[in-house]
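To keep things clear, I will list the structure first and then write my remarks on it.
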Amino acid sequence: MALTQLEMRELPLFRKLRHSVGKAVADFGLIQEGDRIAVAVSGGKDSYTMLLLLDELRRRAPVRFEITALTIDSGYQGFRSDVIEAFIKTLGIPGHLERTNHYDIISEKRRPGSSYCSICARLKRGALYGLAESLGCNKLALGHHSDDFIETLLLNQFFVGSLKAMSANMLADNGKTTVIRPLVYVAEEEIIRFSQRAALPVVCCRCPVCGSADLQRKRMKNLLTKLEKDIPHIKNSMLKALSNVHPRHLLDQRLRMLNQTGTPADTPV
Ligand code: SF4
């Protein structure tokens, strides 16, 4: 059985994670007075942890803001949305569950051999934006952690030929919803330990590719694990690199204007 919120708050690891989220909120200006934040809760370890941390912050922060948990049921048979709803209820946080026919759409539209995840994630993201907006939420919190940022950076470099990761605070393409990622400073390994210690009621998405999806991301994960043996601080260094960009020492022609001006910090290495 999951620990009570009171018991979770007493865990030293929870305090550490709270500190990391507080730092992200301060560094990237993630939360302002009066914000209504939709928190995407899939029933996985990351989103549960984010929900608990944002709720804790809401109680303690000097600014007033509201949170609402949003869950999208994509229609995969056996998905235990009832477990998620029950857990959110015990936390006393308002929650909304949207049942969709995404599985039918994917089955109909997906071309043989194409990625299951890309269409599924796109549909889910669209549903989250729509639901957040209809509930009057100006922000949508997503549970990407620091490993997601680093792996995305590598994926884009290795397979797309682009130097980009994710933003911690960005206006979405719909021009209305600001997407925030409060777990940017939290490592996946910490979330795993916390979710096990707190016995969070993690549920499986029950999609046809669950567990075998995103093989390239897994390759990046394995690569980082190997490199970490020789370079223990590699992940911290890579995350730091994302906030220490030297545009003059890159090759993108669109940065030429910047290159002519430069910045005081932009010294050659
Ligand atoms: S793993 Fe399954 S639920 Fe997750 S994005 Fe891929 S298809 Fe969708």
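The values are calculated or read from the model by the stated rules, or taken from the named source; none is laboratory data. The structure displayed is predicted, hence computed values, not measured ones. Note: ideal-geometry Cβ built from the backbone for every residue, glycine included; neighbour counts use all protein chains shown. Calculation scope for accessible area: heavy atoms of the full protein, side chains included, ligands and nucleic acids excluded. Shrake-Rupley method; radii C 1.70, N 1.55, O 1.52, S 1.80 Å.
If you take the residues in region 181-200 that are among the basic types (Lys, Arg) and not in a loop (DSSP other than H, G, I, E, B), which one is nearest to Glu151 (Cα to Cα)? The extreme case among them is Arg193. Checked against (1) open to solvent by 40 Å² or more (accessible area, probe 1.4 Å); (2) among the polar types (S, T, N, Q); (3) closer than 24 Å to Glu56 by Cα; (4) in a loop (DSSP other than H, G, I, E, B), Thr90 passes all but condition (4). Taken as a whole, the condition of being touching a residue at least 60 places away in the same chain (Cβ under 8 Å), open to solvent by less than 30 Å² (accessible area, probe 1.4 Å), more than 16 Å from the ligand (Cβ to nearest atom) and out of contact with any helix residue (DSSP H, G or I) (no Cβ under 6 Å at 6 or more places or on another chain) applies to Val25.
For region 133-180, residues that are among the small types (Gly, Ala, Ser), in contact (Cβ under 8 Å) with a residue 40 or more places away in the chain and either assigned to a loop (DSSP other than H, G, I, E, B) or within 20 Å of Ser237 (Cβ to Cβ) (or both) total 6.
From the list Gly211, Gly262, the one residue that fits, being within 16 Å of the ligand (Cβ to nearest atom) and either touching a His at 6+ places or on another chain (Cβ under 9 Å) or modelled with pLDDT under 80 (or both), is Gly211.
Kindly provide the set of residues from region 66-80 that are within 15 Å of the ligand (Cβ to nearest atom), hydroxyl-bearing (Ser, Thr, Tyr) and open to solvent by 10 Å² or more (accessible area, probe 1.4 Å), ordered by number.
Across region 66-80, the qualifying residue is only Tyr76.
With the structure loaded, tell me whether Pro232 is part of a loop (DSSP other than H, G, I, E, B) and modelled with pLDDT of 95 or more or whether it fails that test. Considered against the rule, which asks whether it is part of a loop (DSSP other than H, G, I, E, B) and modelled with pLDDT of 95 or more, Pro232 comes out as yes.
Restricting to region 99-113, name every residue that is surrounded by 10 or more Cβ atoms within 10 Å (Cβ to Cβ) and not in a helix (DSSP H, G or I).
Within region 99-113, Arg99, Thr100, Asn101, Arg110 meet the criteria.
Restricting region 36-65 to residues that are in a loop (DSSP other than H, G, I, E, B) and under 28 Å from Val83 (Cβ atoms) leaves a set whose member that is most open to solvent (accessible area, probe 1.4 Å) is Ser42.
Right, Lys226: at pLDDT below 95, open to solvent by 70 Å² or more (accessible area, probe 1.4 Å) and away from the ligand (no atom under 16 Å from the Cβ) or not?
Answer is no for this residue.
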